[in-house]
Amino acid sequence: MVKYINVRGCNGSGKTTLLRLLAGSETEPKMWTIDVPDHKPIPVTWCEKQRVILIGDYTPGATGTTAGLDRIKTQDAMKYAIKAAGTLCGGNLKAVIFEGVIVSTIYGPWHEWSKQNGGMVWCYLDTPIYVCLERIHERNGGKQINNQLVIDKFESIKRTKVKAGADGEWIETFYYKEPMKDLLNLLDRI
């Protein structure tokens with residue numbers, strides 16, 4: 001059975017970087033697209049060595065673009081793409097991994113989706129808020145940002161972790177300095 005893995009964290013926590021590292025560990029990750037009703041095709045990255053599909057383009061050439069669910073317009077389209085990705089590769093697929101700031105801040109609809117689809121793993125990056133803010137400032141080239149909006153997202157995501165734990169969801173915490181180690185460990189256990 002395919003496992004669904006949702007990597008969660010606020011802006012600058014390292015979600016996209018983590019999945020780019022995973023794709024970069026492949027000799028040659030393959031790109032496919034999934035046709036979603038009333039939406040443009042959604043790219044997915046096949047990591048054959050790990051037997052996982054990443055929702056979004058995480059190939060080395062895509063480093064300047066938004067990769068994950070934040071490119072998808074609606075939650076329905078997100079959920080459709082994730083389920084469709086789970087049917088690719090026949091029995092050779094171990095997991096579908098997805099990330100995005102928007103989905104990270106939302107609990108109720110994703111908890112329901114998790115229950116309807118055999119559960120998902122809620123993976124939280126434990127990146128401190130000051131590190132997230134430093135990373136955002138760095139990648140924005142020093143342009144002014146609203147720190148409070150990022151702090152609010154950070155707090156909202158912490159609340160989703162508490163709710164998911166209280167509801168018995170499978171929770172993993174990834175150490176922000178070595179998230180790849182934690183992700184690979186999780187994939188070994190699935």
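Rule-based calculations on the coordinates, nothing more; no lab input. The shown structure was predicted, so the numbers you read here are calculated from the model rather than taken from an experiment. Please note: Cβ atoms are built from the backbone with ideal geometry, for glycine as well, and neighbour counts cover all protein chains shown.
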Contact order relative to length for the chain, counting C-alpha pairs under 8 Å separated by 6 or more residues, stands in percent at 30 percent
Dipole magnitude of the chain about its Cα centre, charges +1 at Lys/Arg Cβ and -1 at Asp/Glu Cβ only, in debye to the nearest 20? 60 debye
Cα gyration tensor of the range 103-160, axes a ≥ b ≥ c as square roots of the eigenvalues: rounded (a/c below 1.5), prolate (a/b > b/c) or oblate? prolate
Give the lysines whose C-alpha is closer than 21 Å to that of Lys79, dropping any in the same chain fewer than 8 places away, or say none. Lys3, Lys15, Lys40, Lys94, Lys115, Lys161, Lys163
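If you count the DSSP beta bridges with both ends in the chain, what percent of them are antiparallel, to the nearest 5?
Values: 9 of 27 bridges.
Beta bridges within the chain, antiparallel portion: roughly 35 percent.
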Divide the volume of the convex hull of the Cα atoms of the range 1-90 by its number of residues and quote the answer in cubic angstrom per residue. 100 Å³
With no solvent and one equal point scatterer per Cα, compute the Debye intensity ratio I(q)/I(0) for the range 64-165 at 0.22 Å⁻¹ and report its log10, rounded to two decimals. -1.30
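Roughly speaking, what is the stretch gain from His39 to Thr173, that is 0.36 nm per residue apart minus the C-alpha to C-alpha distance, in nm to one decimal? Can you show the working numbers first?
Working: separation 134, 0.36 × 134 = 48.24 nm, distance 3.25 nm.
Result: 45.0 nm gained on full extension.
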Rounded to the angstrom and largest first, Cα extents along the principal axes for the range 3-183 equal 44, 39, 36
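Can you tell me how much longer the chain between Arg189 and Lys115 gets when fully stretched, taken as 0.36 nm per residue apart minus their C-alpha distance, in nm with one decimal?
Numbers: separation 74, 0.36 × 74 = 26.64 nm, distance 2.05 nm.
Result for the pair: 24.6 nm of gain on full extension.
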